4 protein chains.
Amino acid sequence: MANEHLNAGLKTSRIEALSDGIFAVAMTFLIISFDILLSPKKGISEKGLIVALQALWPDLLHYVEGFIILGAFWMEHHYQFHFIQRTDSTLLFINIIGLMFIVLIPFSTCVAGDYSDTRVAAWLLETNLLIAGLVFYLHWLYATAGRRLVAPNLDHRIIVFYAHRNLIVPLVSVAALIVSWFQVRWGPVLYLMVPFILIFYTITRTLHRTPSDSATPGGG
Amino acid sequence: MANEHLNAGLKTSRIEALSDGIFAVAMTFLIISFDILLSPKKGISEKGLIVALQALWPDLLHYVEGFIILGAFWMEHHYQFHFIQRTDSTLLFINIIGLMFIVLIPFSTCVAGDYSDTRVAAWLLETNLLIAGLVFYLHWLYATAGRRLVAPNLDHRIIVFYAHRNLIVPLVSVAALIVSWFQVRWGPVLYLMVPFILIFYTITRTLHRTPSDSATPGGG
Amino acid sequence: MANEHLNAGLKTSRIEALSDGIFAVAMTFLIISFDILLSPKKGISEKGLIVALQALWPDLLHYVEGFIILGAFWMEHHYQFHFIQRTDSTLLFINIIGLMFIVLIPFSTCVAGDYSDTRVAAWLLETNLLIAGLVFYLHWLYATAGRRLVAPNLDHRIIVFYAHRNLIVPLVSVAALIVSWFQVRWGPVLYLMVPFILIFYTITRTLHRTPSDSATPGGG
Amino acid sequence: MANEHLNAGLKTSRIEALSDGIFAVAMTFLIISFDILLSPKKGISEKGLIVALQALWPDLLHYVEGFIILGAFWMEHHYQFHFIQRTDSTLLFINIIGLMFIVLIPFSTCVAGDYSDTRVAAWLLETNLLIAGLVFYLHWLYATAGRRLVAPNLDHRIIVFYAHRNLIVPLVSVAALIVSWFQVRWGPVLYLMVPFILIFYTITRTLHRTPSDSATPGGG
């Protein structure tokens with residue numbers, strides 16, 4: 001009974017399925033912030049409904065923000081498993097810890113939306129995202145260290161490129177934590193920049209590259 | 001490190017899994033509109049329960065409508081990925097934006113059901129569906145423009161056929177927005193026609209076709 | 001552009017994924033019936049908690065019943081797609097209608113649990129299961145008629161065997177509707193027999209068979 | 001019509017998908033314990049919010065515990081299906097019964113968190129985990145007895161190894177039930193040791209092994 005039968009060589013499809021399921025439910029749970037859902041006031045007038053819906057603007061903004069943040073995490077997760085070819089116990093464990101903080105995002109987004117003028121609510125969300133980002137950064141480091149779970153000839157530049165990309169959310173989180181100290185409402189807004197930073201970073205890094213002999217990912 | 005390693009050539013299975021998960025949860029969330037679920041009144045008499053269930057009729061109608069609309073969106077999504085063979089960052093981003101409006105459908109269906117006599121509630125639902133429909137129309141245009149992410153020899157008529165099909169929900173939404181202005185209760189009802197329009201459109205377009213040399217989709 | 005490119009030949013993996021997702025969420029939603037979840041009374045004494053948990057007995061019984069019913073539906077769905085090799089628009093539509101009634105099961109189970117002494121609550125659950133069962137019976141008939149979506153040489157006895165199996169839930173529902181008229185509490189209990197009927201039916205039908213030249217299902 | 005067409009030889013992908021979906025939803029449902037989600041008190045002061053968040057500490061601890069327990073169950077499930085190559089009716093039935101107790105975990109974790117000073121709440125959680133663990137232990141025994149559903153030449157030591165691993169949660173549960181009798185707050189805490197026991201057990205069992213002629217799992 002070789003070690004690899006017990007701890008390594010597991011296919012990646014199930015951890016991808018569990019993660020996709022958790023991301024899907026967490027993204028759908030973001031609508032919980034719309035309190036109106038849980039307590040419909042029947043018999044309200046049209047004017048009253050317009051007022052009630054206008055009061056949902058901050059909730060809608062936080063919904064959009066939460067969705068984009070979860071979407072960005074999902075995309076990084078997707079990219080990581082594009083290159084990760086097999087899993088082991090440790091990787092599964094890191095992944096589950098990361099998902100534990102992903103599931104908290106609808107909760108902390110909801111708190112940050114309902115108490116948008118308090119510093120502690122902003123910090124709760126930003127700390128949540130900082131930790132989640134760091135866990136998935138660690139996830140990539142573990143998988144690629146010594147090319148443990150990726151193709152043995154994977155281009156080193158790809159490893160570095162995605163390591164840096166996975167640091168974007170933690171770095172934005174540190175910035176947001178500082179900004180929230182001075183301007184509580186501006187901290188969470190910083191995350192709306194994440195997709196643009198991702199695109200900008202990707203474009204600038206790939207602009208003057210030429211096709212190289214890098215390893216093609218193994219169908220992962 | 002070639003561009004295609006960073007931004008393109010991703011398999012489609014994960015975005016399909018995420019989307020299927022979100023559609024599944026959103027469809028199940030539609031039962032939230034049945035308020036009785038959240039506040040059971042124990043000790044109610046049989047007559048009282050019948051009255052309470054009768055009061056659920058509008059909720060049931062909106063549940064059926066929401067399910068059919070989400071089902072129609074899912075089917076278009078399914079058809080699109082029947083032909084889309086790989087994804088890139090932009091397609092994933094468009095998809096996530098589209099899913100963001102899909103997740104809102106249980107919410108706006110619930111509001112439209114609880115306030116079925118107010119114009120603003122009908123418009124909320126119709127605008128939601130209009131935007132979701134346009135995003136997935138854009139999704140198909142992006143994937144097929146220059147046959148970017150589909151088979152290089154995909155029949156042009158298939159591209160046009162599905163582009164038109166994806167315009168059906170947006171066009172019905174525009175009609176519903178206008179109808180709601182005059183008859184608030186009739187706007188949302190228009191969507192019940194969507195499956196029949198889809199079937200009618202498909203039958204009329206394929207009636208006098210003959211098998212051609214169109215590309216067979218690559219198992220997508 | 002041949003017809004089969006538009007309406008047929010779709011892979012079955014996505015409708016299986018959507019269905020698995022909906023079954024998974026519906027099965028998890030069954031815990032909604034435990035009202036204690038939604039309104040924890042902190043500061044309750046140990047004796048008070050025991051009383052509160054004892055009051056959950058009927059909810060627990062209905063939870064078990066709902067889970068077994070949903071599990072039985074899922075198994076029939078699984079068996080059907082073991083033989084169904086491709087889908088078309090009509091099958092997807094039948095499936096979505098069936099799922100619409102599957103999603104209602106946690107709702108009607110919850111009502112039947114909370115109002116277990118009223119006939120209308122029992123009938124609600126039983127009618128729900130009757131319709132869901134009939135839709136999936138129709139689903140199998142459609143897929144196998146003229147071997148439309150199954151292997152062209154699929155053994156006729158397999159088609160009949162599963163057609164009969166898919167009639168078990170509707171038949172039990174008719175019996176339960178009648179029983180509920182006389183003894184309201186016994187109707188829903190009948191469904192606990194479904195797994196045993198399924199096992200009994202399967203054993204008796206396969207006991208004196210010998211391996212035949214039936215078609216092996218195509219990996220479906 | 002051979003027996004194996006009716007009862008055996010089903011692919012494992014769908015029961016894996018259903019299980020992954022249920023695990024994903026159950027893990028996400030753990031946030032239900034954060035009562036603040038369901039009843040946001042707008043207009044609260046920053047100090048009041050800090051107090052409210054501090055009151056969530058026990059909930060957070062139980063959330064982490066619930067997530068780790070569900071994660072451990074999922075990993076054992078994953079390992080089992082790494083070796084199980086096909087399913088039959090009985091295995092599906094055992095699996096569904098097991099999932100029935102998995103779905104209860106967010107409920108009993110929530111109760112154990114809200115009533116952390118009552119013995120009955122601790123016992124509820126521990127009994128839940130004991131039964132879930134025993135069902136999945138039985139699941140493995142059934143699949144491997146006579147190598148019924150695994151590779152015919154699967155190494156006997158692998159069968160024993162995972163049988164023992166699947167006994168860890170039940171054994172910890174028995175210990176926790178006893179500990180809760182004397183020290184109610186310490187029983188549930190024992191489960192935080194599960195990941196470490198799993199790692200310790202795996203390391204000690206595989207330390208002085210050499211690669212052997214054990215069967216490679218068939219891609220399962």
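The values are calculated or read from the model by the stated rules, or taken from the named source; none is laboratory data. This is a predicted model, so every value here is computed, not measured. Positions of Cβ are generated from backbone atoms using ideal geometry, with glycine treated the same way; all protein chains shown enter the neighbour counts. Accessible surface is based on the protein model in full, side chains and every heavy atom, while ligands, DNA and RNA are left aside. Shrake-Rupley method; radii C 1.70, N 1.55, O 1.52, S 1.80 Å.
Taking the criterion of being acidic (Asp, Glu) and under 9 Å from the mean Cα position of the chain (by Cα), the only residue of segment C:73-96 that qualifies is C:76.
Give segment B:1-55 a look and list any residue that's at pLDDT 80 or above, closer than 27 Å to residue C:24 by Cα and outside any helix (DSSP H, G or I), or say none. Correct list: B:11, B:12. Looking only at residues in segment C:61-110 that are open to solvent by less than 10 Å² (accessible area, probe 1.4 Å) and not in a helix (DSSP H, G or I), the one that is farthest from residue C:164 (Cα to Cα) is C:87. Selection of segment D:122-157 for residues being crowded, with 22+ Cβ neighbours inside 10 Å and over 19 Å from the mean Cα position of the chain (by Cα) yields D:149, D:150.
Set side by side, the residues A:70, A:99 differ, and just one is within 11 Å of chain D (Cβ to nearest Cβ) and either of a type in the set (Lys, Arg) or under 11 Å from the mean Cα position of the chain (by Cα) (or both), which is A:99.
Within the option set D:216, D:144, being at pLDDT 90 or above and at negative phi holds for one residue only, D:144.
On the basis of being within 21 Å of residue A:11 (Cα to Cα) and touching a helix residue (DSSP H, G or I) at 6+ places or on another chain (Cβ under 9 Å), does residue A:118 make the cut?
In short, no.
Does residue B:124 satisfy the criteria of being in contact with a helix residue (DSSP H, G or I) (Cβ under 7 Å, 6 or more places away or on another chain) and either modelled with pLDDT of 90 or more or of a type outside the set (A, V, I, L, M) (or both)? Against the criterion (in contact with a helix residue (DSSP H, G or I) (Cβ under 7 Å, 6 or more places away or on another chain) and either modelled with pLDDT of 90 or more or of a type outside the set (A, V, I, L, M) (or both)), residue B:124 qualifies.
How many residues does segment D:91-119 hold that are of a type in the set (A, V, I, L, M) and closer than 17 Å to residue D:189 by Cβ?
Narrowing segment D:91-119 to residues of a type in the set (A, V, I, L, M): D:91-92, D:94, D:96-97, D:99-100, D:102-105, D:111-112.
Now drop any that are not closer than 17 Å to residue D:189 by Cβ, which leaves D:105, D:111-112.
So the count comes out to 3.
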